[in-house]
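A short worksheet on the structure shown next.
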Amino acid sequence: MAYRALVQLSRRSALGLGAVGTVALVAAGSLRWFTHGYPPGAQVLLALGDKEQAIVTSLVDALIDGGEGLPTADDAGVVQRIDEQLWGADVHTQSDLRAALQVVEHAPILFGAPGRFTSLSRRRRVEVLRAMLASKRDVFVQVATALKQLTMLCYYSAEASWGAIGYDGPWIKEEKLPPSTLRYRSLLAAKQRGEA
C-alpha cells in the first residue's frame, strides 16, 4: 500500500517535496553555521558558553592590544570579568548581552567581511567593529558601543591597568568585595576544581 502511494506521486507533488527538502537542508545547514564550529572555551567560566566565550575573546582581542606599558587583556582578566558581569546581571540584561554577542558574530557579512566574527583576522575584526560603530542602522551602533564600553570598563577597572594609566588605586586600600563577586569567585573556583 505504501509503495503504491509512493508510485502515484504526481510530478507536482514530487517537485513540492523536493522544494521542501531543499529548504529543510538549507535551514539545517544555516543552523549548523550559526551554532557549530566552536571549540571548548579556553577558560573555565560560569556564564559564557563556548560560542559566547569565543565571541568575547575575539571581541576583546580586537579592542585591546596592550603595548606601551599597558597590560594585555589576558593580564587584566577581561574575558573573566565580562563573564562575571554577565553572571551577576538580571535576566533581561543577560538576554540583551547574549543577543548583542550573536549580532557581532554574524554581522560581518553585512559589512563586507564574509565569515563569522570569530573566524576573521584581527585586522578584519577591527574594521567590522568600526563599520558597525559608523553604521546608519542604530542596532549595529548600539551593539558595538555597548560591547566596547563593557570591554573597556572591565579592562581599565582591573588593577593590572592602573599603573599604566596613572591611577593610584582607591583611597581605602583594604578591598571589600561585594557579595556577588565573592559568590562568583567561590563558584568559579569550585568549577575549576571540577566540583561543579
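Over all directions, average the projected area of the Cα convex hull of region 49-156 and note it in nm². Please list the in-between numbers first.
Numbers: hull surface 26.6 nm².
Answer in nm², one decimal: 6.6.
Hey, got a sec? Which trypsin sites (Lys or Arg not before Pro) in region 95-148 land in a DSSP loop and have at most 15 other Cβ atoms within 10 Å?
Lys136, Arg137
Under 25 Å Cα to Cα from Lys148, which lysines show up? Leave out anything in the same chain fewer than 8 places away.
Lys51, Lys136
Under 20 Å from a point 7 Å along the Cα-to-Cβ line of Arg123: which residues of region 53-78 have their amide N that close?
The answer is 58-67.
With label points built 7 Å along Cα→Cβ from the Cα atoms of Ile165 and Arg193, find their separation and express it in nm.
Calculated label separation equals 3.4 nm.
Using only the alpha-carbon atoms of region 109-171 as identical scatterers, what base-10 log of I(q)/I(0) does the Debye formula give at q = 0.12, 0.18 Å⁻¹?
Those come out to -0.43, -0.74, one per q.
When a/c is below 1.5 the answer is rounded, else prolate if a/b is larger than b/c, else oblate, so apply that to region 32-86 with a ≥ b ≥ c taken from the square roots of the Cα gyration tensor eigenvalues.
Details: a/c = 2.73, a/b = 1.72, b/c = 1.59.
Taking the square roots of the gyration eigenvalues as a ≥ b ≥ c, region 32-86 is prolate.
Since every read-out is calculated from the coordinates, none of them should be taken as a lab result. Computed from a predicted model, the values in this text were never measured in an experiment. Note: ideal-geometry Cβ built from the backbone for every residue, glycine included; neighbour counts use all protein chains shown.
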